[in-house]
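What follows is a short report on a single structure.
The values are calculated or read from the model by the stated rules, or taken from the named source; none is laboratory data. As the structure is a computational prediction, the values presented were derived from the model and not from experiment. Every residue, glycine as well, gets a Cβ built from its backbone with ideal geometry; the counts of neighbours run over all protein chains shown.
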Amino acid sequence: MKKKILLGVCGGIAAYKAADIIEGLKKENEIKVVMTNNSAHFITSLTLQTLSGNPVYLDMFTPDRLNQGFTLPKEWEVVHISLAKWAELLLVVPATANIIGKVASGIADDLLSTVIMASTFPVLFAPAMNKNMWKNSILQENIKRLRKTGYYFIEPVKGVLADGETGIGHLAPVEAIIKEVRKRLNEA
Ligand SMILES: Cc1cc2nc3c(=O)[nH]c(=O)nc-3n(C[C@H](O)[C@H](O)[C@H](O)COP(=O)(O)O)c2cc1C
């Protein structure tokens, strides 16, 4: 039976890789996407909806933003709770410094951070960012704290970053992310 994966997409340059991750996981899994508002600057909900074959979720409060003009769900449900009940694993790609900081601080001020707050399943973060953001001691403290609490991280790698600099902060290879998701799903 297909496993149920929630894919959280945040506002970073690597957001386009979410499309490849859906492609790599969708044969053996059902995937629903939760986008942050800022991720919509980087990739469209239409792309993620088309590839996943499911509605894309953006907003907790405004039903007509759930589907971006496509068919609305027949029954209104409290979205963050129904998604948290549905999922067996949540993968955040790319995980921004912002979402990591919010979760580490217990902030739930948008749909993705609220679903994470309501989660009882494995949550995996695949961060990607500028090398100095990655080195930032507050971010690193946040990651340490989240790891201790049971969240998983798929570490970024060294590479040429979107800003042209070379350093650690490049999203882990898509294959490595998919491998880690399969491993955690098998453990669950
Ligand atoms: C062009 C551009 C690229 C960005 N890339 C990243 C990134 O790779 N990683 C990151 O953590 N933040 C990046 N940011 C900053 C985030 O978009 C910003 O912190 C935002 O508040 C994140 O919101 P979200 O976590 O709700 O998606 C970028 C911003 C811009 C304008």
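I need the full set of residues from region 143-168 which are in contact with a Ser or Thr (Cβ under 8 Å, 6 or more places away or on another chain) and not hydrophobic (A, V, I, L, M, F, W, C), in order please.
Result: Lys158, Gly159.
Name every residue in region 1-20 that is within 13 Å of the ligand (Cβ to nearest atom), closer than 20 Å to Leu185 by Cβ and within 10 Å of the chain's Cα centre (by Cα), in order of residue number.
Matches in region 1-20: Gly8, Val9, Ala18.
Being within 23 Å of Pro173 (Cβ to Cβ) and either modelled with pLDDT under 95 or more than 9 Å from the ligand (Cβ to nearest atom) (or both) is the filter here; which residues of region 93-105 pass it?
Val93
I'd like the residue in region 21-46 that is crowded, with 16+ Cβ neighbours inside 10 Å and assigned to a helix (DSSP H, G or I) and, out of all such residues, is modelled with the lowest pLDDT.
Here the residue is Ser45.
Residue check: is Val56 more than 11 Å from the ligand (Cβ to nearest atom) and touching a helix residue (DSSP H, G or I) at 6+ places or on another chain (Cβ under 8 Å)?
Criteria met by Val56.
Within region 1-20, which residues are part of a strand (DSSP E or B) and out of contact with any Ser or Thr (no Cβ under 6 Å at 6 or more places or on another chain)?
Once the filter is applied, which keeps residues that are part of a strand (DSSP E or B) and out of contact with any Ser or Thr (no Cβ under 6 Å at 6 or more places or on another chain), region 1-20 yields Lys3, Lys4, Ile5, Leu6, Leu7, Gly8.
Name the strands (runs of 3 or more DSSP E) wholly within region 86-188 that hold at least 1 residues that are buried (at least 20 other Cβ atoms within 10 Å of the Cβ)?
Of the strands (runs of 3 or more DSSP E) lying wholly inside region 86-188, those with at least 1 residues that are buried (at least 20 other Cβ atoms within 10 Å of the Cβ) span 89-95, 123-127, 166-170.
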